[in-house]
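Okay, so here's the structure we're looking at.
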Amino acid sequence: MTLAPSPSAASRSLRDRIRRRGRVQSAADRAVLVMHDVAKTYPNGKTALLDVDLVIPEGDFVFLVGPSGAGKSTIIKLLIRDEIATRGQVVLDGQDLARLPRRAVPKIRRKIGIVFQDFKLLPTKSVWENVAFALEVTGSPRRKIRPAVDRVLALVGLTAQRSQIPSQLSGGEQQRTAIARALVHDPRLIIADEPTGNLDPLISWEIIQLLLRINELGVTVLMATHDADVVTALRKRVVALEEGRIIRDEVGGAYHRAD
């Protein structure tokens, strides 16, 4: 025999639902990134994302994991407005990216710092010039560029290498230069796309520790990675994709679901 819930239990359930809804709304209000019911289908008919809902609050550190082709790169392209969602909303720092006029795209991109697997440094420019270039292209005044570059080079531990060109640097130093470049315009969000993919394990941990330190300073970090050891060791928030869907969003998670 099934008993109906008591009135007090029913009202508690309703209160809990209202309270949870309020917390979700509050989190969205404070979020750096909100993706709501997002789908992306490319012109060739390939569906890369489907029914994606994701909220990343300010100051969060999130690992984005999943096999190749799961949709990680498409999410990154949507965030930097290289692509527009077929359906749903992608809201960065309160702005709906699909509604942005083209002339506003460079401004919203300044709220994001991107770190790539292959560094993408300018080979003929010094460490200092590579970092400064990120501000020069946005028209920052020279009086602001010098202190900003000096500050981030000190943060990533490259003050002594400021005059060297990329070919004179180790892989870890090149990636730290790329992180400094991503940080120099004070972004709301750092996107690290396989930042340790070309580095040996010891240097990889140094780069991860640097990203954690940056996160502790208040910068939100979204890191796409296949490095199961790093993800499992750190027990941060893990968002797992498979065939374009989020199949797991877990705080304190490992790379693989614990069965």
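Laboratory data are not the source of any read-out in this text; all were calculated from the coordinates shown. Source: prediction; values computed, not measured. Every residue, glycine among them, receives a Cβ derived from its backbone with ideal geometry; neighbour counts consider all protein chains shown.
Overview of values
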| item | result |
| --- | --- |
| Debye, to nearest 20: dipole size of the chain, +1 on Lys, Arg Cβ, -1 on Asp, Glu Cβ | 1140 debye |
| Cβ charges +1 (Lys, Arg) and -1 (Asp, Glu), total dipole of the range 35-178, debye | 680 debye |
| Net charge of Cβ neighbours under 11 Å - reference Lys125; Lys, Arg +1; Asp, Glu -1 | -1 |
| Extension gain, Arg146 back to Arg245 (0.36 nm per residue minus Cα-Cα distance, nm) | 31.3 nm |
| Cα lying deepest toward the dipole's positive end in the chain, options Ala148, Gln209, Gly244, charges on Cβ | Ala148 |
| Within the range 120-259, percent of DSSP bridges classed antiparallel, to nearest 5 | 50 percent |
| Footprinting exposure proxy for Tyr42, Tyr255 (fewest neighbouring C-beta atoms within 10 Å first) | Tyr42, Tyr255 |
| Environment charge at Gly171 (Cβ cut-off 12 Å; Lys +1, Arg +1, Asp -1, Glu -1) | -3 |
| About the Cα centre, charge dipole magnitude for the range 81-158 (Lys/Arg +1, Asp/Glu -1 at Cβ), debye | 380 debye |
| Whole-Hz ³J(HN,Hα) from phi, Karplus 6.51 cos²θ - 1.76 cosθ + 1.60, for the range 113-121, glycine and proline x | x, 10, 10, 9, 5, 9, 6, 6, 8 |
| Per-residue HN-Hα couplings for the range 175-191 [Karplus 6.51, -1.76, 1.60; θ = phi - 60°; Hz; x = Gly/Pro] | 5, 5, 4, 5, 5, 4, 4, 5, 8, 5, 9, 6, x, 6, 9, 9, 9 |
| Cα-based reach from Lys46 at 20 Å (exclusive), listing aspartates and glutamates while leaving out same-chain residues under 8 positions away | Asp37, Asp82, Glu83, Glu242, Glu243 |
| Neighbour-count ranking [beta-carbon atoms within 10 angstrom, fewest first] of Trp205, Trp128 | Trp205, Trp128 |
| Cα gyration tensor shape of the range 127-186, rounded if a/c is under 1.5, else prolate or oblate by comparing a/b with b/c | prolate |
| Rounded to 5, the percent of DSSP beta bridges in the chain classed as antiparallel | 55 percent |
| Part-to-part distance (alpha-carbon centres) for the range 156-185 and the range 49-74, which is given in Å | 27 Å |
| Entries of Lys111/Lys144; Lys72/Lys144; Lys77/Lys120 with Cα pairs more than 23 Å apart | Lys72/Lys144 |
| Candidate values (i) 12.9; (ii) 18.1; (iii) 12.0, label of the one derived for mean projected area of the Cα convex hull in nm² | (ii) |
